[in-house]
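Input: a single structure, listed below in structure tokens.
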Amino acid sequence: MKILGIDPGLACSGFGIIEIVDNSLELVDYGTIKTNQKDPLNVRLNTIFKDLRYIIKKSKPVVMSVEQIFYGKNVKSALLLGHARGVPLLLSAKFKLTLYEFSARRIKQSLTGNGNASKEQVQFMVQKLLSMEELPNPMDASDALAAAICYNQSFRI
């Protein structure tokens, strides 16, 4: 079973794909989708849509695990993130992917045992759990892989 993890963002969205094979985790792919900050919002959202659609068509996941929006003080930033977050949610429906949403705290807890873990601690655990030779970079991609792993940690039998 393939799981697509998403760390949504308007400037940079992370994605990570893992596969569960014989109860072990295998890394399939990971990276980021970047948009041009000079482009209007609709063009930036379309960039995320097209790139993520391509990733889904290519990798054929069955589950999408998305990091939820945290509550921030900057309303404008939260609204822009909400727009970007809507793209993977829409694509999960379009491709009939099972969708799960996890808070950053829940993701950190499932990987490190500490809901207040640093991004570096999460990144380290992603590397260990996926038997990667190097730390997964950038952080957006590492966070997306963590979201995918969180699904597995939460629902494995």
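How many residues are without any contact (Cβ under 8 Å) to a residue 40 or more places away in the chain and not in a helix (DSSP H, G or I) when one looks only at the range 38-68?
4
Being part of a helix (DSSP H, G or I) and of a type in the set (S, T, N, Q) is the filter here; which residues of the range 82-112 pass it? Spell out how you get there, then give the answer.
Filtering the range 82-112 for residues part of a helix (DSSP H, G or I) gives 82-94, 104-112.
Residues satisfying the conditions are S92, Q109, S110, T112.
Here's a check for you: in the range 75-92, which residue that is under 18 Å from T32 (Cβ atoms) and surrounded by 18 or more Cβ atoms within 10 Å (Cβ to Cβ) is modelled with the lowest pLDDT?
That would be L81.
Right, E134: charged (D, E, K, R), in a helix (DSSP H, G or I) and either surrounded by fewer than 22 Cβ atoms within 10 Å (Cβ to Cβ) or more than 10 Å from the chain's Cα centre (by Cα) (or both) or not? Explain how you work it out, then say what you get.
Values: charged (D, E, K, R): yes; in a helix (DSSP H, G or I): no; either surrounded by fewer than 22 Cβ atoms within 10 Å (Cβ to Cβ) or more than 10 Å from the chain's Cα centre (by Cα) (or both): yes.
So E134 does not fit the description; no.
Say we look at the range 6-37 and pick out the residues that are crowded, with 20+ Cβ neighbours inside 10 Å and without any contact (Cβ under 8 Å) to a residue 40 or more places away in the chain; which of these is nearest to S59 (Cα to Cα)?
I33
Quick one: in the range 17-36, of everything that is at pLDDT 95 or above and among the polar types (S, T, N, Q), which residue is farthest from the chain's Cα centre (by Cα)?
Here the answer is N36.
Enumerate the pairs (first residue in the range 135-157 and under 18 Å from I20 (Cβ atoms); second residue anywhere and in a loop (DSSP other than H, G, I, E, B) and open to solvent by less than 10 Å² (accessible area, probe 1.4 Å)) with beta-carbon separation below 6 Å, excluding pairs fewer than 6 apart on the same chain, so at least 6 apart or on different chains.
L145/P136
Would you confirm, using the coordinates I've provided, whether G115 is free of Cβ contacts under 8 Å to residues at least 24 places away in the same chain, surrounded by 12 or more Cβ atoms within 10 Å (Cβ to Cβ) and closer than 17 Å to I6 by Cα? Full working, then the answer.
Values: free of Cβ contacts under 8 Å to residues at least 24 places away in the same chain: yes; surrounded by 12 or more Cβ atoms within 10 Å (Cβ to Cβ): yes; closer than 17 Å to I6 by Cα: no.
Answer is no for this residue.
Report yes if P40 is out of contact with any His (no Cβ under 7 Å at 6 or more places or on another chain), at pLDDT 95 or above and surrounded by 15 or more Cβ atoms within 10 Å (Cβ to Cβ), otherwise no. Let's see the steps before the verdict.
Values: out of contact with any His (no Cβ under 7 Å at 6 or more places or on another chain): yes; at pLDDT 95 or above: yes; surrounded by 15 or more Cβ atoms within 10 Å (Cβ to Cβ): no.
No, not satisfied.
Looking at this structure, is K108 surrounded by 12 or more Cβ atoms within 10 Å (Cβ to Cβ) and either within 14 Å of the chain's Cα centre (by Cα) or charged (D, E, K, R) (or both)?
Numbers: surrounded by 12 or more Cβ atoms within 10 Å (Cβ to Cβ): yes; either within 14 Å of the chain's Cα centre (by Cα) or charged (D, E, K, R) (or both): yes.
Criteria met by K108.
So if I check each of M125, M139, which one is open to solvent by 40 Å² or more (accessible area, probe 1.4 Å), closer than 19 Å to Y30 by Cβ and touching a Lys or Arg at 6+ places or on another chain (Cβ under 6 Å)? It would help to see each step written out before you state the result.
Values: M125 fails: touching a Lys or Arg at 6+ places or on another chain (Cβ under 6 Å).
Being open to solvent by 40 Å² or more (accessible area, probe 1.4 Å), closer than 19 Å to Y30 by Cβ and touching a Lys or Arg at 6+ places or on another chain (Cβ under 6 Å) holds for just one of M125, M139, which is M139.
The values are calculated or read from the model by the stated rules, or taken from the named source; none is laboratory data. On a predicted model such as this, the values are computed, not experimentally measured, just so you know. No Cβ is skipped: glycine too gets one built from the backbone with ideal geometry, and neighbour counts run over all protein chains shown. Note: areas computed on protein heavy atoms with side chains; ligands, DNA, RNA excluded. Shrake-Rupley method; radii C 1.70, N 1.55, O 1.52, S 1.80 Å.
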